[in-house]
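The structure appears right after this line, and notes come after that.
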Amino acid sequence: MKLADLQLLPDDSRPAALRDWVPVQDEVLGAAALALGTGLPDLARRWAQSAGPAGAALEAAAALRLGQLQEALELIGPLPGDARRAVLLARAHWLGGDPDSCWAEAARSQARQEGDAPALVAAVTVLGEVQLSDARAALRTLAEGLKVAEMTGEAADAHLLAVLAYVQRFVGSGAMGSEVKAHRTAHKALERSAPRSPARVWALLALGREVEARAEAEAGQLAAGWWPRH
């Protein structure tokens with residue numbers, strides 16, 4: 001079976017197929033990315049590691065999912081100093097319990113300067129999580145990610161939408177309109193999110209489906225810190 005065949009498998013059968021498969025060297029990076037997107041960060045990290053320096057950023061992202069923060073920071077250190085490295089660094093500090101927003105703000109600024117739309121969306125998502133205790137500030141931050149999607153003509157990122165839905169629950173003091181908006185955003189995020197992903201966990205929590213959210217987090221090997229702290 002080739003990587004292209006695995007990419008076409010349904011979500012419920014892909015994890016087992018990936019674990020039974022060994023990629024050839026020229027497919028190992030693509031395989032690692034697919035494993036991470038499928039919610040198998042342990043497998044993604046192992047395959048990314050076998051790719052050498054070319055897989056370092058992907059390996060760091062997988063390590064962050066697993067909560068292996070020290071290992072992630074060691075991988076992030078030598079990466080090129082671009083906005084994507086800054087986003088990984090911001091996520092690492094936030095997962096480690098650092099409440100200071102400076103890391104996410106720095107990543108946002110660098111992504112703006114570089115014109116890197118995906119990095120900017122990822123940066124404002126982290127910053128929105130950091131600002132969750134101030135729902136209105138988080139809402140303003142996350143709105144920038146929606147504007148990026150509008151400007152690029154891309155669908156809004158599922159993780160951003162899921163965090164936005166969670167924040168919307170706290171805006172308007174429980175007003176009916178705010179609750180309806182939050183549920184609408186959460187359902188949209190749920191439709192776009194991959195199984196076992198942080199986006200799926202946030203979307204389910206925004207809908208009040210805590211048991212399902214916990215199951216998704218466990219299945220996706222997500223370390224504590226990948227879900228709301230407020």
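Among the numbered conditions (1) within 23 Å of Glu114 (Cα to Cα); (2) open to solvent by 40 Å² or more (accessible area, probe 1.4 Å), the only one that Leu66 does not meet is (1). Consider only pairs whose beta carbons are under 7 Å apart and that are at least six residues apart or on different chains; among these, list those whose first residue lies in segment 205-230 and is in contact (Cβ under 8 Å) with a residue 24 or more places away in the chain and whose second residue is open to solvent by 80 Å² or more (accessible area, probe 1.4 Å) and small (Gly, Ala, Ser). If the second residue must be open to solvent by 80 Å² or more (accessible area, probe 1.4 Å) and small (Gly, Ala, Ser), the pairs left are His230/Ser133. Does Gly128 satisfy the criteria of being in contact with a Gly (Cβ under 9 Å, 6 or more places away or on another chain), surrounded by 16 or more Cβ atoms within 10 Å (Cβ to Cβ) and closer than 26 Å to Leu40 by Cα? So Gly128 fits the description; yes.
Pairs linking a residue in segment 181-202 that is farther than 19 Å from Phe170 by Cβ to a residue that is surrounded by fewer than 21 Cβ atoms within 10 Å (Cβ to Cβ) and acidic (Asp, Glu), with Cβ atoms under 6 Å and 6 or more positions apart or on different chains, are Pro195/Asp11. Just one of the listed residues (Thr152, Thr141) is surrounded by 15 or more Cβ atoms within 10 Å (Cβ to Cβ) and either within 24 Å of Glu218 (Cα to Cα) or among the polar types (S, T, N, Q) (or both), and it is Thr141.
Condition test on Ala135, is it within 27 Å of Gly67 (Cα to Cα), open to solvent by less than 70 Å² (accessible area, probe 1.4 Å) and under 17 Å from the mean Cα position of the chain (by Cα)? The answer is no for Ala135. Looking at Gln49 and the list (1) over 29 Å from His93 (Cα atoms); (2) of a type outside the set (Phe, Trp, Tyr); (3) surrounded by fewer than 21 Cβ atoms within 10 Å (Cβ to Cβ), which single condition is not satisfied? The number of the failed condition is (1). Scanning segment 178-205 for residues that are of a type in the set (A, V, I, L, M), open to solvent by less than 30 Å² (accessible area, probe 1.4 Å) and at pLDDT below 95 gives a single hit, Ala182.
The values are calculated or read from the model by the stated rules, or taken from the named source; none is laboratory data. Since the structure is predicted, the reported quantities are computational estimates derived from the model, not experimental observations. Every residue, glycine as well, gets a Cβ built from its backbone with ideal geometry; the counts of neighbours run over all protein chains shown. Protein only, heavy atoms only, side chains kept; ligands, DNA and RNA dropped before computing areas. Shrake-Rupley method; radii C 1.70, N 1.55, O 1.52, S 1.80 Å.
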